[in-house]
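Novice: One structure, as structure tokens, below. Some questions next.
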Amino acid sequence: MHSTPPLFRILIPLLIATAAAAQGRRQDGDARWGPDGKHVLFGGTVYDPLTWKEAELPAGTRTRRDDTLRAVRTALGKATGKQVSGRLLTRQGPPNNLPRTPDRRLGMRMSADRSTAAVILDGDLWLWSRGAEPRKLGSGLASARHLAISDHGESVSFLDGFDLFAIDVKRGEKVRLTKDGSENTFNGELDWVYQEEVYGRGRFAAAWWSPQGSHLAFLRIDERGVDTFDIVDHLPDQLTIEQLKYPKAGRTNPRATLHVARPSDGAVVAVDISKYPKSDEILIVRVGWTPQGDELVYMVQNREQTWLDLNFADPQTGASRTVIREQSSDSWVARLPMPRWLKDGTFLWESDRTGFRHFYRYGRDGALRNAVSQGEWSAQDVIKLDEERGTLAFYGHERDYVIGRHAYVATLDGSRQTQVTRGRGTHTVSFNGDGTLLLDAFHNLENPGEQWLRKAGGGDLRQIRAAARGADAETVKWHRIKARDGVMLDVTYRLPSGFDPAKKYPVWIQTYSGPASPSVRDAWPRARRRVPGATANDWYVVLQVNVRSASTQGMKYSKYCYRSFGVQAVRDLEDAIDWLCTHPWADRARVGISGWSFGGFMTAFAMTHSDRFKCGIAGAGVYDWRLYDTIYTERYMATPQHNREGYDGSSVVKAAKNLRGHLLLVHGTMDDNVHFQNTVQLVHALQQAGKQNFELMIYPRSRHGVGSRHLGALQQKFIRERL
């Protein structure tokens, strides 16, 4: 599971393809700013934005197509005497997310300025530089992993076997940076839990070049004592077993340390983390550099992630200092983004300290200068930092409208903050060169999309386009409803085709409900996918609800799940059902629920803790949080040693005797993320309780996602029979 965004990122047939897939993407046919930053390009024509008259771009502003890839292919082809395809230069990652799995294609690594590229072909390491002949820097590297090149192409690094190597491009000398790599010691790469829960699924590289390429920071992870879990392929006559180091909640965690290597002579220094006692069992959750490369920037959290330190370290000595500490007594502290540096040496920092995510400006000494954004809503991604004008453009919510996305511009001194978009929906904007005008494209649940040209200071210049809503487009109705304790919840429902208000219709809920993982977004679904069980949505109502902890309102609401997964979320689901069933056409006696991953947990938890559900489909769920990994689980639940009551109260296994309705359990037998063990333990508990109201379907060789067509047919059959 991941921290943010959602813990499980596999989209499976149980979930509707929501508008999340469309967010942030420029729609086909949208206008865009020309390369001069002044004119608008739309429909193949150049326009003056103020008069909307046809114009021409100034001479010399048309950009030429980047021919770097072609140049690399041509040069390497001549040097090797072989055809070098573009496909060969494109990296293709491992076939799964198991540690140390070789990339299927290592691909090319390009420097930030695109002047230099490193490529491994047939085990030979080649360096291409613009205007020079390719050079072979090494050989025998067919099994190398995590090839990387510094920003300006001065140095190259890679892993071979268990150890980290670097090559200074000018000297061409290969330097071994580590010598202690082993099955249990990871140098410059991540183990399973660190890649899954901290740095991102499939991202195993853990080495970071300084901007000038003079130093290479890397993580060392010690897995001694971490439990081994066996992933079994039952199909061969002789079982195939994958052994995976997987720390479960409360068990021994991998230990990470941070080091800095100097490739020029192979010297390595350890970053001083001695200030942290062993009892903290620290996690190193981000690593990077200052723009000048004079200090290493890294973040540390304690095991239960109730605080986070931003630290700076001297790459020459490893001496370290803490600049900012974020902490909380009633929630976890999220892994925050790296500082965004300004030219004067200050930086922008994101924090949830008020219960809502906002930007703050800090000096390098750790002194707070000012809040840049503020309000009882959360800021999101940066759009544009304009230091010359002293402004920051970013996306964010509104206080009472959190399912959409607006754009704001704030002054860096915090004196002014302006919402620059209008209209309900999910907005994607771009600014002209001087930041005075913006192109604003947006869409919502009822509107397939439009684009406007607006003034950044306020006011609309013109609508550029408006998408037509098809006659057969489905209508999704959005409401804000009041939960039993007064908290407002966002819900949507979609009525069946041929809806007759005089009839009674069953209701189906698709849920995920993990922390800050909303199901309801105000965006036009680009490609609708039906609820499982329906060849056509013509006989039931589809209900979606953002339980409060799953919304992106801010930590004030996310923390409702802290130390107690499922409990408050089920109440919110019940309140949404009760509200919907005040309509005479909603059949309270026929409500179904489904979900995968965290949604699978929520489905099974709801059916053992609520009487509202007639049936449900739970896929690949965590049915006792003691069975899931340390870093994700303990972030929200603390350790089982410190929160036994919370773990017991969130366990579906312990509540198996209370199963109501009819439950279908689905799981892949080779799931390395949420182990099949979860379903086995739940099935055993249901059997021990004498429950007959459940079914089980397993998918051999499937991992966390099940791609079998059989699953779709199974879902259809189940819902037709049980709903």
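Novice: If you put +1 on each Lys and Arg Cβ and -1 on each Asp and Glu Cβ, how big is the dipole of the chain around its Cα centre, in Debye rounded to 20?
Specialist: For the chain, the charge dipole is close to 1320 debye.
Novice: Which is farthest toward the positive dipole end of region 474-722 among 675, 650, 594, measuring Cα position about the Cα centre, with Cβ charges +1 (Lys, Arg) and -1 (Asp, Glu)?
Specialist: Comparing the listed Cα positions along the dipole, 594 ranks first.
Novice: How big is the dipole moment of region 474-722 about its Cα centre under a simple scheme where the beta carbon of each Lys and Arg is +1, that of each Asp and Glu is -1, and everything else is neutral? Debye, nearest 20, please.
Specialist: 340 debye
Novice: Give the calculated FRET efficiency between residue 365 and residue 325 to the nearest 0.05, with a Förster radius of 22 Å applied to their Cβ-Cβ distance.
Specialist: Computed FRET efficiency for residue 365 and residue 325 comes out at 0.95.
Novice: Rank by packing, highest mean first: peptides 612-621, 97-106, 300-309, 459-468, with packing defined as the count of other Cβ atoms within 10 Å averaged across residues.
Specialist: In descending order of packing, they fall as 612-621, 300-309, 97-106, 459-468.
Novice: Report the Cα centroid-to-centroid distance between region 238-302 and region 341-366 in angstrom, as an integer.
Specialist: What the calculation gives is 24 Å, centre to centre.
Novice: At 222 nm, what value in deg cm²/dmol follows for the chain if DSSP H runs of at least 4 each add -39500 (n - 2.57) and the sum is divided by all its residues, to the nearest 500?
Specialist: -3500 deg cm²/dmol
Novice: So if R0 is 51 Å, what FRET efficiency would residue 482 and residue 710 give, r being the distance between their Cβ atoms, rounded to the nearest 0.05?
Specialist: For residue 482 and residue 710, the calculated efficiency is 0.75.
Novice: Sort 175-181, 563-569, 362-368 by packing, meaning the average of other beta carbons within 10 Å per residue, with the highest value first.
Specialist: Going from most to least packed, we get 563-569, 175-181, 362-368.
Novice: For the chain, build the charge dipole from Cβ charges (+1 Lys, Arg; -1 Asp, Glu) around the Cα centre, then report which of 581, 705, 370 sits farthest towards its positive end.
Specialist: Looking along the dipole axis, the top candidate is 581.
Novice: Out of these labelled values of Cα extents along the principal axes in Å, [x] 98, 73, 65; [y] 78, 72, 55; [z] 99, 69, 49, which was calculated from the coordinates shown here?
Specialist: Here Cα extents along the principal axes in Å agrees with entry [y].
Novice: Rank-order 240-251, 595-606 by packing density, defined as the average count of other C-beta atoms within 10 Å over each peptide's residues, highest first.
Specialist: Top to bottom by mean Cβ count within 10 Å: 595-606, 240-251.
Novice: Quick check: Cα centre of region 389-451 to Cα centre of region 689-723, how many Å?
Specialist: With region 389-451 and region 689-723 each reduced to a Cα centre, they are spaced 43 Å.
Novice: Related question: So for the chain, taking the charge dipole from beta-carbon charges (+1 Lys/Arg, -1 Asp/Glu), which of 714, 437, 81 sits furthest toward the positive end?
Specialist: Farthest along the dipole direction, towards plus: 714.
Values in this text are rule-based calculations from the coordinates and carry no lab data. Computed from a prediction, not measured in an experiment: that's the story for all the values here. Because the Cβ atoms are built from the backbone with ideal geometry, glycine has one as well, and the counts that use them run over all protein chains shown.
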